[in-house]
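Colleague: Following this message is one structure expressed as structure tokens.
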Amino acid sequence: MPVFLRHSIFIAALMAQVPLCADPIGREALVSRHNPEIRKLDTDAPVTVGNGGFAFTADATGLQTFSAEYHRNGVPTETQCRWAWYGEPNPENHRLADASADYTEADGRTVAYPTHANAPAGQWLRRNPRSHPLGGIAFVRPDGSALTQSGVGGIRQTLDLWRGVITSRFELDGEVVETLTTCHPDRDMVAVRLKSKLFANGRLAVGLAFPRGHDINVKNTPALDWTEPVSHTTRILQQDKHRVTFERRRDALIYHCALAWEGSAAIANPEPHSYVLKPSDETLDFSVSFAPGPITGPLPDFDATLAAAAAHWEKYWTRGGMVDFSGSTDPRAAALEERIILSQYLTAAQMAGETPPQESGLTCNTWYGKHHTEMIWWHTAHFALWNHDDLLAENLAWYVKQLPAARRLAAERGLKGARWAKMVGPDGRESPGGNPLIVWNQPHPVYLAELIYRNNPEKETLGRYRDLVLESAACLASMVYFDGKSESYVLGPPLWIAQEIHDPRISRNPCFELAYWRWALATAQTWRERLGMIRNPEWDRIIRNLAPLPQKDGKYVALGSVPDTWDNLASRHDHPSMLAALGVLPGGSHVDRATMDRTLDAVLTQWDWETKIWGWDYPMIAMTATRLGRPEDAVAILLRDGPNNRYFPTGHCPQRGDQALPADAPPGIPRREIATYLPANGALLATVALMTAGWDGCQTTLPGFPKDGTWKVRFENIKPLP
């Protein structure tokens, strides 16, 4: 079919999915009715201001006054970016080869994969480089001593989502303290306005302190490390009556910080790496800016930063997709609308930095701050679906930049094209452990580039992502081999499938991955045609002869080589990934809908929903229900109560529930393994896009919502999925 005709059909399908609304959605009112309102020191409800690559997360005081308590009992409050990375010295010259084990490929070759995470080399390479926290900002006493929670009351805090500003009010020592907190959209800078009589009478001040890093002994949600002050340096480069500029060093990491204020205030240095700003008047405006290089010139003042933030967020909310459930009588509608709005805010504030996000965004650290490439779809696909292509493009720019590293990894493993490592820092270097044999990360760049092209079908888009798509696809083609016995192309072994419970040495023909290979190769062929190239005949051969999706007893199974998904209770936990073959993907002639329908029934009735089913699984399963024409199930699954599908008042979704701690547990141990899990928020948004705008060829309006009259749904600027 000619390219122009395919585009015409796509545009017609898109238009068919847009409900005709007499009036546009009142966006500011819709967003603002979900402004989080905090009325206590709720450690599960910190609030964040951020610009995508930098974020400042505050407690109920509007600063980070009770950082230790929030970390220990809920969601941490930190200042993070995606450009500050620390690497320990490597006197032992640890290399990936020192943490690798040999695996036998299906074609008989021996290939090394870095799976020895606990070896000395594995430990060093895994934790280096690691994301480094920036300075913490807190209310303190003028001598630098900490406040206590018992002295704080009368809390009233609101996050204004439309303007990106936190308004906080609390009482301390019988006096009111008022705080406005916002973030500059174009600088890694937080700006604050304070008002209290406690400043004028010398009973309250502001502290700026620089941690050594994170506790490297904790993999997920580590506490800030305040030990060994001699191991890092904080040097004042410039100081006057209204500004102090710092240089921060820890080994090879160097970054800068500028603290500027208006009005009369004095600054003290009560202990290493800790500074106290003591105002003389009732009001204080100040800004704290961070950068990898010197910070020169004046900082924007509070009013300018507030105006810039408000303009930035108004543009974001006005331009992007929106869903309005006003008039719905289903009691779940309000909860879903709130999750949608808060997820839109959190992902925009935290998930578009220089390096693609870690799973906890810019709230706290997980897996040393490294990016897990199999999560990039959940992190960012929704941006294109909700009319924010620029935020997806920020992430894909890193993938384009890392193509040389991906080519080297492919060559090392005897593959063509570009092979994407699993767990990476800013340099793209693979990290030991973290399941480096995972393969479902490999087609993601093809899918994400296709989403951008669908929104921008221009030569410029093709040129920007040409190599990313074609080289990722070339690697896909070289990762399968032809099995003469079955007369089909086979995927694996070795490989680690999306359902992370199987032995990678013997795993072959996983259901979701096979479907993804076929779809991504077919999409890459379409890119070749768009670019004026002929179709790759080898890819067409693979598409025609790829192994069928594995099934048993009329249901799809997760893995062809171990088809015991429905026979063995131990195989019915973790991700029910076979459902993604019709859900995340459009299916096609190779997916039998009746078989998938039975598979969904089996997951709903037989799966272990209490053990390690993750926050993105609920939306993924709802996507399958939506494509199968089961909207009642889609809504029920998306909002199903479960240990990893509970959302906090500010939109965070922790994983693996609360962990019981003894009363004498040492400080620094969080209650949850992962305090916040942004793939859950991104997956929810992608799923809602499918439930509202549908997919190519979908003939049902609002396919993910029941037609019983209890749901009133209007949406704007949301794009259908393939």
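The values are calculated or read from the model by the stated rules, or taken from the named source; none is laboratory data. Worth saying up front: this structure is predicted, and the values here are computed from it rather than measured. Neighbour counts run over all protein chains shown; Cβ positions are idealised from the backbone, glycine included.
Colleague: Kindly indicate which of 107, 102 is loosely packed, with under 14 Cβ neighbours inside 10 Å, touching a strand residue (DSSP E or B) at 6+ places or on another chain (Cβ under 9 Å) and touching a residue at least 60 places away in the same chain (Cβ under 8 Å).
Modeller: Working: 102 fails: touching a residue at least 60 places away in the same chain (Cβ under 8 Å).
One residue alone meets the criteria, 107.
Colleague: Taking the condition crowded, with 18+ Cβ neighbours inside 10 Å, farther than 26 Å from residue 31 by Cα, touching a Phe, Trp or Tyr at 6+ places or on another chain (Cβ under 6 Å) and modelled with pLDDT of 95 or more, does residue 599 pass? First the steps, then the outcome.
Modeller: Values: crowded, with 18+ Cβ neighbours inside 10 Å: yes; farther than 26 Å from residue 31 by Cα: yes; touching a Phe, Trp or Tyr at 6+ places or on another chain (Cβ under 6 Å): yes; modelled with pLDDT of 95 or more: yes.
Yes, satisfied.
Colleague: Hey, can you tell me all the residues within region 104-120 that are part of a loop (DSSP other than H, G, I, E, B) and of a type in the set (Val, Ile, Thr)? Let's see the steps before the verdict.
Modeller: Keep residues of region 104-120 that are part of a loop (DSSP other than H, G, I, E, B), which gives 105-109, 114-119.
Of everything in region 104-120, just one residue is part of a loop (DSSP other than H, G, I, E, B) and of a type in the set (Val, Ile, Thr), namely 115.
Colleague: Can you spot a residue in region 465-474 that is farther than 24 Å from residue 617 by Cβ and either of a type in the set (Lys, Arg) or at pLDDT below 95 (or both)? Let's see the steps before the verdict.
Modeller: First pass over region 465-474, keeping only residues farther than 24 Å from residue 617 by Cβ: 465-474.
Imposing the further condition that a residue be either of a type in the set (Lys, Arg) or at pLDDT below 95 (or both) reduces the set to 466.
Yes, region 465-474 has at least one match.
Colleague: Pick out, from region 19-91, the strands (runs of 3 or more DSSP E) lying fully within it that include 2 or more residues that are of a type in the set (A, V, I, L, M). Don't jump to the end; show me each part of the working.
Modeller: Values: elements: 47-50, 54-58, 79-81.
Output list reads 47-50, 54-58.
Colleague: Inspect all residues belonging to region 330-343 and state whether any of them is among the polar types (S, T, N, Q) and farther than 17 Å from residue 35 by Cβ. Explain how you work it out, then say what you get.
Modeller: So in region 330-343, the residues among the polar types (S, T, N, Q) come out as 343.
Then drop every residue that is not farther than 17 Å from residue 35 by Cβ, which leaves none.
Among the residues of region 330-343, not one is among the polar types (S, T, N, Q) and farther than 17 Å from residue 35 by Cβ, which makes the answer no.
Colleague: On to the next question. Just one of (1) closer than 24 Å to residue 270 by Cα; (2) of a type outside the set (Asp, Glu); (3) touching a residue at least 40 places away in the same chain (Cβ under 8 Å) trips up residue 235, so point out which.
Modeller: Against the list (1) closer than 24 Å to residue 270 by Cα; (2) of a type outside the set (Asp, Glu); (3) touching a residue at least 40 places away in the same chain (Cβ under 8 Å), residue 235 comes up short only on (3).
To keep it simple, each residue is scored yes or no on (1) over 30 Å from residue 123 (Cα atoms); (2) surrounded by 13 or more Cβ atoms within 10 Å (Cβ to Cβ).
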residue	(1), (2)
213	no, yes
217	no, no
226	no, yes
238	yes, yes
244	yes, yes
247	no, yes
262	yes, yes
278	yes, yes
290	no, yes
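Colleague: Right, here's the next one. For region 442-462, which residues satisfy the criterion of being within 21 Å of residue 518 (Cβ to Cβ) and β-branched (Val, Ile, Thr)? Before the answer, list the steps.
Modeller: Initially, region 442-462 is screened for residues within 21 Å of residue 518 (Cβ to Cβ), giving 442-451, 453-454.
Across region 442-462, the qualifying residue is only 446.
Colleague: While we're here: Quick one: would you say residue 336 is surrounded by 23 or more Cβ atoms within 10 Å (Cβ to Cβ) and of a type outside the set (Gly, Ala, Ser)?
Modeller: Details: surrounded by 23 or more Cβ atoms within 10 Å (Cβ to Cβ): no; of a type outside the set (Gly, Ala, Ser): yes.
Spelling it out, it is not the case that residue 336 is surrounded by 23 or more Cβ atoms within 10 Å (Cβ to Cβ) and of a type outside the set (Gly, Ala, Ser).
Colleague: Looking at region 337-351, which of its residues are under 10 Å from the mean Cα position of the chain (by Cα) and under 24 Å from residue 705 (Cβ atoms)?
Modeller: Of everything in region 337-351, those that are under 10 Å from the mean Cα position of the chain (by Cα) and under 24 Å from residue 705 (Cβ atoms) turn out to be 346, 347.
Colleague: Another question, if that's okay. Could you pull out the residue among 273, 232, 256, 312 that is on the phi > 0 side of the Ramachandran plot and modelled with pLDDT of 95 or more? Show your work before the answer.
Modeller: Values: 232 fails: on the phi > 0 side of the Ramachandran plot; 256 fails: on the phi > 0 side of the Ramachandran plot; 312 fails: on the phi > 0 side of the Ramachandran plot.
It is 273.
Colleague: Does residue 29 satisfy the criteria of being under 25 Å from residue 310 (Cβ atoms), without any contact (Cβ under 8 Å) to a residue 24 or more places away in the chain and of a type in the set (Gly, Ala, Ser)?
Modeller: Working: under 25 Å from residue 310 (Cβ atoms): yes; without any contact (Cβ under 8 Å) to a residue 24 or more places away in the chain: yes; of a type in the set (Gly, Ala, Ser): yes.
Spelling it out, residue 29 is indeed under 25 Å from residue 310 (Cβ atoms), without any contact (Cβ under 8 Å) to a residue 24 or more places away in the chain and of a type in the set (Gly, Ala, Ser).
Colleague: OK, next. Has region 649-657 got at least one residue that is at pLDDT 95 or above, on the phi < 0 side of the Ramachandran plot and either of a type in the set (Val, Ile, Thr) or surrounded by fewer than 24 Cβ atoms within 10 Å (Cβ to Cβ) (or both)?
Modeller: The answer is yes; a qualifying residue exists.
Colleague: Let me ask something additional. Select, from 597, 608, 601, 633, the only residue that is farther than 30 Å from residue 160 by Cα and in a loop (DSSP other than H, G, I, E, B). Lay out the reasoning, then the answer.
Modeller: Details: 597 fails: in a loop (DSSP other than H, G, I, E, B); 601 fails: in a loop (DSSP other than H, G, I, E, B); 633 fails: in a loop (DSSP other than H, G, I, E, B).
None of the others qualify; the one that does is 608.
Conditions (1) among the polar types (S, T, N, Q); (2) on the phi > 0 side of the Ramachandran plot; (3) crowded, with 23+ Cβ neighbours inside 10 Å; (4) in contact with a Leu (Cβ under 9 Å, 6 or more places away or on another chain), marked per residue:
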| site | (1), (2), (3), (4) |
| --- | --- |
| 158 | yes, no, no, no |
| 162 | no, no, no, no |
| 180 | no, no, no, yes |
| 191 | no, no, yes, yes |
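Colleague: Let me ask something else about it. Conditions first: (1) under 30 Å from residue 652 (Cβ atoms); (2) at pLDDT below 95. Residue 77 passes all but one, so which condition is the exception?
Modeller: Residue 77 satisfies all of (1) under 30 Å from residue 652 (Cβ atoms); (2) at pLDDT below 95 except (2).
Colleague: For region 264-319, how many residues meet the condition of being part of a strand (DSSP E or B), within 30 Å of the chain's Cα centre (by Cα) and not hydrophobic (A, V, I, L, M, F, W, C)?
Modeller: Residues flagged as part of a strand (DSSP E or B), within 30 Å of the chain's Cα centre (by Cα) and not hydrophobic (A, V, I, L, M, F, W, C) within region 264-319 amount to 2.
Colleague: Further question: Under 6 Å by Cβ, and 6 or more places apart or on different chains, what pairs join a residue from region 462-473 that is polar (S, T, N, Q) with one that is buried (at least 20 other Cβ atoms within 10 Å of the Cβ)?
Modeller: Going by the 6 Å Cβ cut-off, the qualifying pairs are 472/418; 472/445; 472/446.
Colleague: Listed residues 305, 318, 329; which is closer than 13 Å to residue 165 by Cα and not aromatic (Phe, Trp, Tyr)? Explain how you work it out, then say what you get.
Modeller: Numbers: 318 fails: closer than 13 Å to residue 165 by Cα; 329 fails: closer than 13 Å to residue 165 by Cα.
Going through 305, 318, 329 in turn, just one is closer than 13 Å to residue 165 by Cα and not aromatic (Phe, Trp, Tyr): 305.
Colleague: Continuing with this model, one more query. Here are 114, 120: which of them is within 30 Å of the chain's Cα centre (by Cα), farther than 19 Å from residue 411 by Cα and in contact (Cβ under 8 Å) with a residue 12 or more places away in the chain? First the steps, then the outcome.
Modeller: Numbers: 114 fails: farther than 19 Å from residue 411 by Cα.
Step by step, each of 114, 120 is checked, and only 120 is within 30 Å of the chain's Cα centre (by Cα), farther than 19 Å from residue 411 by Cα and in contact (Cβ under 8 Å) with a residue 12 or more places away in the chain.
Colleague: If you take the residues of region 567-586 that are at pLDDT below 95 and either in contact with a Lys or Arg (Cβ under 7 Å, 6 or more places away or on another chain) or of a type in the set (D, E, K, R) (or both), which of them is nearest to residue 450 (Cα to Cα)?
Modeller: 574
Colleague: Sort out which residues of region 602-642 are surrounded by fewer than 20 Cβ atoms within 10 Å (Cβ to Cβ) and not hydrophobic (A, V, I, L, M, F, W, C), and write them in order of number.
Modeller: Passing the criteria: 605, 606, 608, 610, 611, 612, 629, 632, 640, 641, 642.
Colleague: Right, next: Looking at region 397-408, which of its residues are surrounded by 22 or more Cβ atoms within 10 Å (Cβ to Cβ) and either under 15 Å from residue 477 (Cβ atoms) or of a type in the set (A, V, I, L, M, F, W, C) (or both)? Talk me through it step by step, then tell me what you get.
Modeller: Within region 397-408, the subset surrounded by 22 or more Cβ atoms within 10 Å (Cβ to Cβ) is 399, 402, 406.
Across region 397-408, the qualifying residue is only 406.
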